[in-house]
Amino acid sequence: MVQVTERPPASVVVQPWNEHNQALAHNVHPSDWVNPAPADRYNLVVIGGGTAGLVTAVGAAGLGAKVALVERDLMGGDCLNTGCVPSKALIRAARAWADVRDAEEYGVEAPPGSKVNFPAVMERMRRLRAGISTNDSVWRFRELGVDVFLGEGRFSGSDTVEVAGKTLRYKKAVIATGARAAAPPIPGLAEAGYLTNETVFSLTELPRRLGVIGAGPIGCELAQAFARFGSQVYLVEALHGILPNEDRDAAQIVLQSLLRDGIMLLCCGSDLKVSKEEGDKRLTVDSHGQHYDIPVDEILVGVGRRPNVEGLDLDAVGVAVEKTGVKVNDRLQTTNPRIYAAGDICSPYKFTHTADFQARIVIQNALFFGRAKASALTIPWCTYTDPEIAHVGLYERDAKTRGIRIKTFVQELKDVDRAILDGETEGLVKVHLQEGTDKILGATVVARHAGEMLPELTLAMTHGLGLGKIASTIHPYPTQAEAIRKLGDAYNRTRLTPFVKGLFHRWLAWTR
Ligand SMILES: Cc1cc2nc3c(=O)[nH]c(=O)nc-3n(C[C@H](O)[C@H](O)[C@H](O)COP(=O)(O)OP(=O)(O)OC[C@H]3O[C@@H](n4cnc5c(N)ncnc54)[C@H](O)[C@@H]3O)c2cc1C
């Protein structure tokens, strides 16, 4: 039991204030933290202690650089505190419930009266998050040689950053201040009140009726988790269907799963308004020619991210800002050559692993005159619905827009033994090859653990291995990843032209 009784600063969102959140705060924003005396000058001053900032700071310090890291709120940023970590803990609990619910299909009788204990689910998440937070803790970073400053950072001169009354002089600086939830301008939303990723993980009671705005990755993941916990979920989306950026066949499979979980989808939604009457919030929306007026207990906004650029005084140091964040070139250098940026603050790919790999690029380029390019990264992603949907490289529509001729191979999981035995046949692997070659240009996987299957294809793309090479790689039987090898076989069969077939035929007849 960690002995921290003092509450952290008001900006710190770690509610409820219990044992696990005390442990979290002790690691990521201890109230008794004393900022160190600044060094004369730093090789690198990093503003923002999320994934991008942490990886930059620890990587640079490990190479011998003198590094200061500035964090105004919680070390670990979104990923640890209000993003990947808490959401995946909830999703795991929701899967556990789905397995109990569907147990009969497997000949298993679940104990009568099995149900989700929502407060216990949330406590598990808080306990696990607090445990993981030791990796990102101020104490660990101090031990690794990083000068950690808690407070709001801002540029105060051509080579200085100001934090909590201290001036940090730098040779190079890195902006890694990330992004935050930004609610869309929906009439009545602000007045009625709503949850975002910054507050939803502080819930202690399950909302009986939950409106979720936005059927992108965050909206779909949390909508499904809450539906499985027992909320009646209304998922409102302006476009058609869900996960509008994903492959349509793939998204359709996930949609069927969400509908089975009892989610009501209101897509092609227009004229969305929110109001509050006698304690109830109401969502009114037009969807597919019908008008809906739905009372809900809570509204979760799952769309819209705004870059954290305010208060940094970027103008004063000549760092240009665009709508999407800090403007960078391919080497992640801002319009001030001494200042770099990494992660959600500058990247269109807002993922933890992108922040991590951009940070590595920044270390090379800022400290060692490196020439590493962000555009050279092959970036996969995964949405952790059940089934998951994971993707890397081009979609069919990208190939079309760029005039690239592709040949697409699809393996449905219904024909893969392990998926049949697992009762997880709703899924597919789709691979796009450059026409006439086995070069992989893009791939989508829908499977219960699609995120674990995709790296084989990402590896192949990153290192120039063709689908033919995957065909000659032995996969253990039975695994769902065999679906990928089967695509390799399918590709190899296309190489068996009538002429080659004829030659084989004649040779075999002759040697009979
Ligand atoms: C609900 C949700 C689920 C997600 N799930 C996944 C997932 O499963 N997988 C995945 O890859 N990605 C996921 N993401 C995205 C992922 O969390 C982000 O891409 C990642 O956290 C970006 O890291 P970052 O370091 O760029 O920014 P952040 O994590 O936002 O860190 C920026 C830090 O800078 C600090 N800061 C800002 N301004 C200042 C200032 N002026 N002075 C000092 N400090 C400052 C902030 O307090 C913050 O700690 C999810 C996001 C959300 C919201």
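The values are calculated or read from the model by the stated rules, or taken from the named source; none is laboratory data. Being a predicted model, the structure only gives us computed values, none of them experimental. Here the Cβ is made from the backbone with ideal geometry for all residues, glycine too, and neighbour counts use every protein chain on show. Each accessible area value is taken on the protein alone, full model and side chains, heavy atoms only, with ligands, DNA and RNA left out. Shrake-Rupley method; radii C 1.70, N 1.55, O 1.52, S 1.80 Å.
Here are some notes:
- Segment 310-325 residues that are in contact (Cβ under 8 Å) with a residue 60 or more places away in the chain, paired with ones that are basic (Lys, Arg) and buried (at least 16 other Cβ atoms within 10 Å of the Cβ) (beta carbon under 7 Å, 6 or more apart): 311/154; 312/154; 313/154
- Filter result for residue 212 (touching a residue at least 60 places away in the same chain (Cβ under 8 Å), within 16 Å of the ligand (Cβ to nearest atom), in a strand (DSSP E or B) and in contact with a helix residue (DSSP H, G or I) (Cβ under 7 Å, 6 or more places away or on another chain)): yes
- Residues being more than 14 Å from the ligand (Cβ to nearest atom) and among the basic types (Lys, Arg) - total across segment 132-155: 2
- Any hit, segment 40-50, residues being under 23 Å from residue 354 (Cα atoms), open to solvent by 30 Å² or more (accessible area, probe 1.4 Å), in contact with a helix residue (DSSP H, G or I) (Cβ under 8 Å, 6 or more places away or on another chain) and not in a strand (DSSP E or B): no
- Residue satisfying all of: in segment 202-217; open to solvent by less than 20 Å² (accessible area, probe 1.4 Å) and out of contact with any Leu (no Cβ under 8 Å at 6 or more places or on another chain); nearest to residue 389 (Cα to Cα) among these: 214
- Scanning segment 135-154 for residues that are polar (S, T, N, Q) and in a helix (DSSP H, G or I) turns up at least one hit.
- Qualifying residue in segment 370-381 (condition: more than 27 Å from residue 88 (Cβ to Cβ) and modelled with pLDDT under 95): yes
- Residue 183 falls short on exactly one of the conditions (1) part of a loop (DSSP other than H, G, I, E, B); (2) closer than 30 Å to residue 206 by Cβ; (3) near the ligand (Cβ under 10 Å from one of its atoms), and that condition is (3).
- Residue 310 meets the conditions (1) in a loop (DSSP other than H, G, I, E, B); (2) among the acidic types (Asp, Glu); (3) surrounded by 14 or more Cβ atoms within 10 Å (Cβ to Cβ) in every case but one. The failed one is (3).
Here's the yes/no breakdown for (1) closer than 23 Å to residue 116 by Cβ; (2) more than 15 Å from the ligand (Cβ to nearest atom):
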site: 226; (1), (2): yes, no
site: 230; (1), (2): yes, yes
site: 238; (1), (2): no, yes
site: 253; (1), (2): no, yes
site: 256; (1), (2): yes, yes
site: 285; (1), (2): no, yes
site: 289; (1), (2): no, yes
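- Positions within segment 52-99 being hydrophobic (A, V, I, L, M, F, W, C), assigned to a loop (DSSP other than H, G, I, E, B) and within 9 Å of the ligand (Cβ to nearest atom), in sequence order: 74, 75
- Matching residues in segment 258-284 - criterion: being closer than 28 Å to residue 430 by Cβ, open to solvent by 10 Å² or more (accessible area, probe 1.4 Å) and either assigned to a helix (DSSP H, G or I) or among the basic types (Lys, Arg) (or both): 259, 260
- Contacts under 6 angstrom Cβ, first residue in segment 434-452 being over 17 Å from residue 256 (Cα atoms), partner small (Gly, Ala, Ser) and in a strand (DSSP E or B), 6 or more apart: 441/393; 442/393; 451/390
- Qualifying position, being at pLDDT 95 or above, closer than 16 Å to residue 308 by Cβ, out of contact with any Asp or Glu (no Cβ under 7 Å at 6 or more places or on another chain) and open to solvent by less than 30 Å² (accessible area, probe 1.4 Å), among 130, 176: 176
- Odd one out for residue 9, checked against (1) within 14 Å of the ligand (Cβ to nearest atom); (2) over 17 Å from residue 177 (Cβ atoms); (3) modelled with pLDDT of 95 or more: (3)
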